[in-house]
Amino acid sequence: MAEIVAPKPAAQAAPSLTGAVETQRLMSLDALRGFDMFWILGADALVVALNKLGHCAPTQFLATQLSHCDWQGVHFYDLIFPLFVFIMGVSTVFSLTRIIQTEGRGAALKRIVRRSVLLFVLALIYSGGFTNPWPDLRLMGVLNRIALCYFFGGLMFCFLPPRALIGVAAALLIGYWALMTFVPIRDIQMQPDALAQFAEQHGKAQFAAQFRAINDYDNNPSAVKNSPVMAAARQMYLSTTNMVKGKYEMGYNVCNDFDFQHLPGRLYNSFWDPEGLLSTIPAIATGLFGIFAGLFLMSKSVPDERKVFWLFLMGIAAVILGFLWGTHFPIVKKIWTSSYVLVAGGYSAILLGAFYWIVDVKKWQLWCRPFVWVGMNPITLYLVSNLTGGEGYRLMARRLAGGPVLDYLNTHVAQGFGDVVVSLVSIGLFFWLAGFMYRRKIFLRL
């Protein structure tokens, strides 16, 4: 399954699409990937701890930006996942180009299928595939979506020219908008509170109480075999005959409706999943945006400084277009709307341009070494963190700086200071692990 390989140099010669030999690995790309993972693996908890320590406008703003929007809108934290998919698209260009030129297209296709399947299987195992009884298994999730975006993006990169890829991306975004806007759904909101109110109106108080008791994590009816709550929800859904179109509310849109009808297993939000079936369509376009950026960075006809300029310009244009489209088709991460793809892709291009200019053009590289360590082993570090419910490094940090140490710091230094120290230790632990693996040349590739 996984293999341990020695690292390739930050700058590695390999044939390009035109047959010329050029630099293939960008340190800026590894650094940006590590920067992205940095916020997932513990920096968000540090900001929350700092906000508790000294509650003021700046820390409150940062804490808000490092939390997901409940539904419509976008915070910085809502850009983390699409940035990773975007970076994956950029990396696809460099890695598959080298394989196609040295080993042929067949070898590239074999790599795409192997990595996608193994990552998807790993995601199922991570979700409890060998331990949880059916239906307590989430078939779609973060790693699953990454696997699907890599699979379809990689295949299209191998077979389609750039202009065709642009057409596919546009078709995916416009087609998804048309699907979400013009396909009718039943006039019922698949959310616990809305279903509880529906049940009360129809004289089913016992189900109303059960709907209100739903917790997406601990009391999720979709994870229970022959759940009476799910049966009641399906009965209420099928009894609704009125149809509506153009709805984008939580649990009340084509994407969530499709998940409720057709996605089996545990649904993250009980009746629908934020990484569901239909919303994977525009997510593939996010990966294609990364492929466009990778093709542009590989070009020898544009000077590096101009590449930075165009990444910024196209990124700003995408953000503006996304917000304009968002006035009609709202920016919602949990259904990955087309407007959200443009906004997230635009910010991703801007970040890539900034990292490329600083790290690969100006060669200011010392500061980003820890991010490079993380960026070379992102899936491994993510899995280590999530093996204990997403608190892996923080739990280890509490073993070192929790208990009496935490109490002493909160009591004798400042209330909340102990939490800040625990967060710093947590960040230090995953940087240490990333650095250890990097120095020992341990790189786990699917």
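No lab work stands behind these numbers, since they all come straight from the coordinates. These numbers come from a predicted model, not from an experiment. Reconstructed Cβ throughout: ideal geometry from the backbone, glycine too, with neighbour counts over all protein chains shown.
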Checklist entry - How many nm separate the modelled label positions at D304 and R234, each set 7 Å beyond the Cα in the direction of the Cβ? => result 5.9
Checklist entry - What chymotrypsin sites (Phe, Trp or Tyr not before Pro) does the range 103-152 have in DSSP loop regions with at most 10 other beta carbons within 10 Å? => result F130
Next on the checklist: Only sites in a loop by DSSP and with at most 14 other Cβ atoms within 10 Å count here; which trypsin sites (Lys or Arg not before Pro) in the range 215-322 make the cut?
Outcome noted: K225, K245, K300
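Between K441 and F76, take the C-beta separation as r, use R0 = 35 Å, and let me know the FRET efficiency to the nearest 0.05.
Using R0 = 35 Å, I get an efficiency of 0.55.
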Item to check | chymotrypsin sites (Phe, Trp or Tyr not before Pro) within the range 346-395: DSSP coil, no more than 14 neighbouring Cβ in 10 Å | outcome: W364
Item to check | Above-threshold pairs, the threshold being 21 Å between Cα atoms, out of K247/K333; K52/K333; K52/K334; K110/K307 | outcome: K52/K333; K52/K334; K110/K307
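For the chain, what is the calculated [θ] at 222 nm in deg cm²/dmol (nearest 500), taking -39500 (n - 2.57) for each run of four or more DSSP H residues and dividing by its residue count?
Dividing the helical sum by the residues of the chain leaves -20000 deg cm²/dmol.
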Checklist entry - Can you list the HN-Hα couplings for the range 396-402, worked out from phi with the Karplus curve (6.51, -1.76, 1.60; θ = phi - 60°), rounded to whole Hz and with x for Gly and Pro? => result 5, 5, 5, 5, 8, 10, x
Checklist outcome for this item: For the range 194-314, averaging the sequence separation of alpha carbon pairs under 8 Å that lie six or more residues apart and dividing by its residue count, the contact order in percent is 17
Checklist entry - Given the Cα-Cα distance of W367 and Q415 and 0.36 nm per residue of separation, how much length would full extension add, in nm? => result 14.1 nm
Next on the checklist: Charges at C-beta only: +1 for Lys and Arg, -1 for Asp and Glu. How large is the resulting dipole of the chain about its Cα centre, in Debye rounded to 20?
Outcome noted: 1300
Next on the checklist: Suppose a student asked you for the relative contact order of the chain, using Cα pairs under 8 Å spaced at least 6 residues apart; what percent would you report?
Outcome noted: 26
Checklist entry - So for the range 347-446, taking the charge dipole from beta-carbon charges (+1 Lys/Arg, -1 Asp/Glu), which of A401, I442, W367 sits furthest toward the positive end? => result I442
Next on the checklist: Give the aspartates and glutamates whose C-alpha is closer than 17 Å to that of K225, dropping any in the same chain fewer than 8 places away, or say none.
Outcome noted: D136, D216
Checklist outcome for this item: GNM on the chain, Cα springs under 10 Å; top mean-square fluctuation among C56, C255, C368 goes to C56
Checklist outcome for this item: So, with points 7 Å from each Cα along the Cβ direction, the V183-L118 label distance in nm works out to 3.4
